[in-house]
Amino acid sequence: MASASTLQKLEILADAAKYDASCASSGTSKRNSVGGKGIGSTEGMGICHAYAPDGRCISLLKILLTNYCVFDCHYCINRKSSNVARARFTPQEVVDLTLAFYRRNYIEGLFLSSGIVKSSNHTMEQLVEVARILREEHDFRGYIHLKTIPEAEAEIVHQAGLYADRVSINVELPTDSGLTRLAPDKNSGQIEGAMGKVTSDIAEVKDARKKFKHAPRFAPAGQSTQMIVGADTATDSDIVGKASRLYDSFKLR
């Protein structure tokens, strides 16, 4: 049974994760509890719904590893200058929660994102460690979606794809000017470079698996992204044009 402190962290970090739309609740009916809270509410904290590669609608534990962040993106509730309650899980705590929920049939997988704590590489290593422990130490066969960090080294992001079913990198905003103004710690070229590397890795592994039966899987459910609309002066044409280019360039799911 989870401790009181773990449950307090879960309430903070599941609620903070609700702003990430790349784990969609499409295709499900709403099961709201009083006040929009409660484990299992598709509109509240804790559980979201997504589609597996075979088309099944599955329930995922949707949380942040931490909502501490060294970045100060103006549109983000978890920016370093924001006055919000903060919490942080260890990788083992996330593993324990995931397994406990899975064994009770509450979920079929995990959606894990995070604020940036200490550094991009450190945070990405922590996210990968959660997936590694689940896969290697517990033989977890459930669905895993990891939100990856474009500022992290490519090799660490690659490790995420070896453990996760799906990975995603946020493009954040439709225009470069909007990103520069509202997210000064981020760079559109770096973001798209990281997305391109994931696309390349997915294609390489698909080719390898055609030739070698035991070649490792890499993000078999592909990669996704999300874009914030309304935070800057981007037009409808900017938004649709950016989305179209992203789908064409990176084969997003």
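Assorted remarks:
- Filter result (in contact with a His (Cβ under 8 Å, 6 or more places away or on another chain) and assigned to a loop (DSSP other than H, G, I, E, B)) within region 169-184: ALA183
- Residues of region 142-169 satisfying the condition of being touching a Phe, Trp or Tyr at 6+ places or on another chain (Cβ under 7 Å) and acidic (Asp, Glu): ASP165
- All conditions in (1) over 30 Å from VAL229 (Cα atoms); (2) in contact with a Cys (Cβ under 7 Å, 6 or more places away or on another chain) hold for PHE140, with the sole exception of (2).
- Total residues in region 13-43 satisfying the condition of being within 30 Å of ASN121 (Cα to Cα) and either at pLDDT below 75 or out of contact with any Lys or Arg (no Cβ under 6 Å at 6 or more places or on another chain) (or both): the figure is 12.
- Boolean, ILE156 is of a type in the set (Val, Ile, Thr), assigned to a loop (DSSP other than H, G, I, E, B) and either over 16 Å from LYS242 (Cα atoms) or more than 18 Å from the chain's Cα centre (by Cα) (or both): no
- Enumerated strands (runs of 3 or more DSSP E) restricted to region 35-148, each holding at least 2 residues that are without any contact (Cβ under 8 Å) to a residue 60 or more places away in the chain and touching a helix residue (DSSP H, G or I) at 6+ places or on another chain (Cβ under 8 Å): 57-64, 109-113, 143-147
- Yes/no for GLY193 being small (Gly, Ala, Ser), in a helix (DSSP H, G or I) and farther than 20 Å from ALA243 by Cα: no
- The number of residues in region 79-95 being surrounded by 14 or more Cβ atoms within 10 Å (Cβ to Cβ) and more than 27 Å from LEU134 (Cβ to Cβ) comes to 3.
- Complete set of residues in region 205-240 that are touching a residue at least 24 places away in the same chain (Cβ under 8 Å), more than 25 Å from TYR143 (Cα to Cα) and open to solvent by less than 100 Å² (accessible area, probe 1.4 Å): ILE228, VAL229, ALA231, ASP232, ALA234, ASP238, ILE239
- Pick from region 101-141, criterion more than 16 Å from the chain's Cα centre (by Cα) and of a type in the set (S, T, N, Q), ranking: most open to solvent (accessible area, probe 1.4 Å): ASN105
- MET1 passes every criterion in (1) touching an Asp or Glu at 6+ places or on another chain (Cβ under 9 Å); (2) assigned to a loop (DSSP other than H, G, I, E, B); (3) modelled with pLDDT under 90; (4) of a type in the set (A, V, I, L, M) apart from (1).
- Against the list (1) within 16 Å of the chain's Cα centre (by Cα); (2) hydrophobic (A, V, I, L, M, F, W, C); (3) surrounded by fewer than 21 Cβ atoms within 10 Å (Cβ to Cβ), the condition VAL70 fails is (1).
- Residues of region 186-204 classified as of a type outside the set (A, V, I, L, M) and open to solvent by less than 70 Å² (accessible area, probe 1.4 Å), total: 9
The values are calculated or read from the model by the stated rules, or taken from the named source; none is laboratory data. These numbers come from a predicted model, not from an experiment. For neighbour counting, all protein chains shown are included, and Cβ atoms are generated from backbone atoms with ideal geometry for every residue, glycine included. The accessibility values were calculated without ligands, DNA or RNA, using every heavy atom of the protein model including side chains. Shrake-Rupley method; radii C 1.70, N 1.55, O 1.52, S 1.80 Å.
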